[in-house]
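To start, the structure under review is shown below, and the notes come after it.
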Amino acid sequence: VRYVNTFLIVFNSQEPRLNIHLREMLVIFKTMFGADFLRHVAIAFTRFEFDKRAKKRRQRSGVTGEHLAKAINEELRKALGHDFDCPVIFLDNELLRTSIEDLEDEYDEDELEVMLDESRAELEKLFQIMVSKPAFCCKDVKAVATEKERLKKKIMQLIDMVDEKALGRQIISAEQGVMHRGWIRWRRRWIWGVLRRQHLRFFESDTNDTPTGPREVDLTGCICSSGSEWESVRRYPTFTVYRPVNKQSADSSYFCHIFQVPTEVDRQRWVVFVQEATQVCESCHRIEKFHLTLQTAPTREEYERAISLVEQETMVVPVEWVLQTVHNKHRKPTLQQALKDLSRDNVEIDGMLFATPGGSDSSLTADDLAAHLCARVLLGVDHLEDDQAEIK
């Protein structure tokens with residue numbers, strides 16, 4: 001590509017972070033194309049919902065569109081050294097990919113019209129940004145080719161160090177279990193680290209019996225980077241996990257942990273997996289949104305409508321993540337509680353209705369339900385012919 005009108009940088013509005021990889025990429029662009037390319041940059045925030053509840057939620061938290069635009073421009077100016085703000089637009093993913101019929105079922109006519117008008121205005125704003133910018137000539141082809149070769153070599157080195165097929169399998173299955181584990185040096189002693197989605201825990205040994213070290217690190221909103229400011233005086237390769245200062249919160253949750261690992265290969269693996277673990281997976285996001293919709297439904301009709309929107313979909317429930325997000329003061333799940341719940345609920349599986357299994361008016365028991373589930377699992381084992389067979 002020789003000419004570009006607009007470089008669009010896309011951020012998730014629910015996790016608006018200028019991470020180290022994006023920062024390095026923008027610095028490379030500035031080095032190759034010069035500082036003028038920044039005048040052709042626009043910023044887009046996705047997952048920015050336009051409905052009334054989302055607006056009220058943003059107002060209460062203080063994380064409004066104006067706040068996001070100001071914060072991200074401040075970070076860009078600090079990282080790249082320019083003295084102006086880049087234009088910002090906001091996009092509602094659900095609004096753009098949902099049919100008008102489904103939207104009419106979910107929102108009343110007036111609210112939907114306002115949402116659609118705001119969405120069209122943002123898209124028009126993006127179009128005007130693109131057509132108003134003169135074509136930017138990416139003329140330094142030799143420099144681009146040189147940098148491309150350097151990055152290619154770096155990627156090949158990473159592929160040699162990390163088995164990408166195994167890496168992919170672990171990340172896919174991470175929503176249900178351990179993403180990574182291994183020995184980590186923390187404050188002059190070696191401890192055993194266990195990484196799960198949004199949580200990093202530490203133990204005395206690899207048997208996971210005795211918690212130690214920082215005990216548990218909540219990775220929500222954290223950043224993981226390779227190295228540390230003290231790396232030159234440390235014996236082993238290091239990586240850093242920290243949570244930036246939240247200026248909007250009265251209680252600062254800032255922390256910074258520096259860990260050492262035996263080899264460079266271990267460091268690359270830990271950085272890759274921790275960066276993945278800090279993200280809220282798509283299934284977790286859908287569950288959070290569904291739960292919030294149920295909690296805030298003002299009427300029975302809206303509650304039932306929220307359920308109807310997902311009843312025909314397959315919703316993956318990341319069990320380990322759900323258990324980790326339950327606060328200690330809440331009721332902890334037990335087998336006795338599960339049996340009690342089943343005795344007053346109806347469960348339908350594959351078209352078969354288990355009406356209050358274990359209840360006084362039912363001929364079925366919870367054991368019958370468990371036996372049916374086991375039979376379905378065993379039946380599925382005989383048909384694992386797809387690419388994800390090992391994970392299943």
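Summed over segment 3-30, residues that are in contact with a helix residue (DSSP H, G or I) (Cβ under 8 Å, 6 or more places away or on another chain) and more than 19 Å from residue 87 (Cβ to Cβ) total 5.
Test residue 7 against the stated conditions and say whether it is under 27 Å from residue 137 (Cα atoms) and surrounded by 14 or more Cβ atoms within 10 Å (Cβ to Cβ). Yes: the conditions hold for residue 7. Out of 117, 83, one residue alone is part of a helix (DSSP H, G or I) and modelled with pLDDT of 85 or more. It is 117.
Does residue 93 meet the test of being out of contact with any helix residue (DSSP H, G or I) (no Cβ under 7 Å at 6 or more places or on another chain) and surrounded by 15 or more Cβ atoms within 10 Å (Cβ to Cβ)?
Values: out of contact with any helix residue (DSSP H, G or I) (no Cβ under 7 Å at 6 or more places or on another chain): yes; surrounded by 15 or more Cβ atoms within 10 Å (Cβ to Cβ): no.
Here the answer is no, as residue 93 does not meet what is asked.
If we keep just the residues of segment 254-268 that are open to solvent by 50 Å² or more (accessible area, probe 1.4 Å) and not β-branched (Val, Ile, Thr), which is modelled with the highest pLDDT? So, considering only residues that are open to solvent by 50 Å² or more (accessible area, probe 1.4 Å) and not β-branched (Val, Ile, Thr), the one modelled with the highest pLDDT is 262. Any idea which residue in segment 20-31 is farthest from residue 276 (Cα to Cα), counting only those that are in contact (Cβ under 8 Å) with a residue 24 or more places away in the chain and surrounded by 14 or more Cβ atoms within 10 Å (Cβ to Cβ)? Here the answer is 30.
Filtering segment 194-226 to residues that are in contact (Cβ under 8 Å) with a residue 24 or more places away in the chain, more than 15 Å from residue 275 (Cα to Cα) and buried (at least 17 other Cβ atoms within 10 Å of the Cβ) leaves 213, 214.
Take residue 53 and tell me if it is under 20 Å from residue 117 (Cα atoms) and free of Cβ contacts under 8 Å to residues at least 24 places away in the same chain. Taking the combined requirement at face value, the residue does not satisfy it.
Under the condition of being closer than 28 Å to residue 134 by Cβ and surrounded by fewer than 13 Cβ atoms within 10 Å (Cβ to Cβ), the residues counted in segment 40-69 number 0.
Within segment 349-365, residues that are open to solvent by less than 40 Å² (accessible area, probe 1.4 Å) have Cβ atoms under 6 Å from residues that are of a type in the set (Val, Ile, Thr) and modelled with pLDDT of 70 or more in these pairs: 354/347; 357/365; 362/356, counting only partners at least 6 apart in sequence or on another chain.
The values are calculated or read from the model by the stated rules, or taken from the named source; none is laboratory data. Keep in mind that what you see is a predicted model, and the values were worked out from it rather than measured. With ideal geometry, Cβ positions are generated from the backbone for all residues, glycine too; neighbour counts draw on all protein chains shown. These area figures cover heavy atoms from the full protein model, side chains too; ligands, DNA and RNA do not enter into them. Shrake-Rupley method; radii C 1.70, N 1.55, O 1.52, S 1.80 Å.
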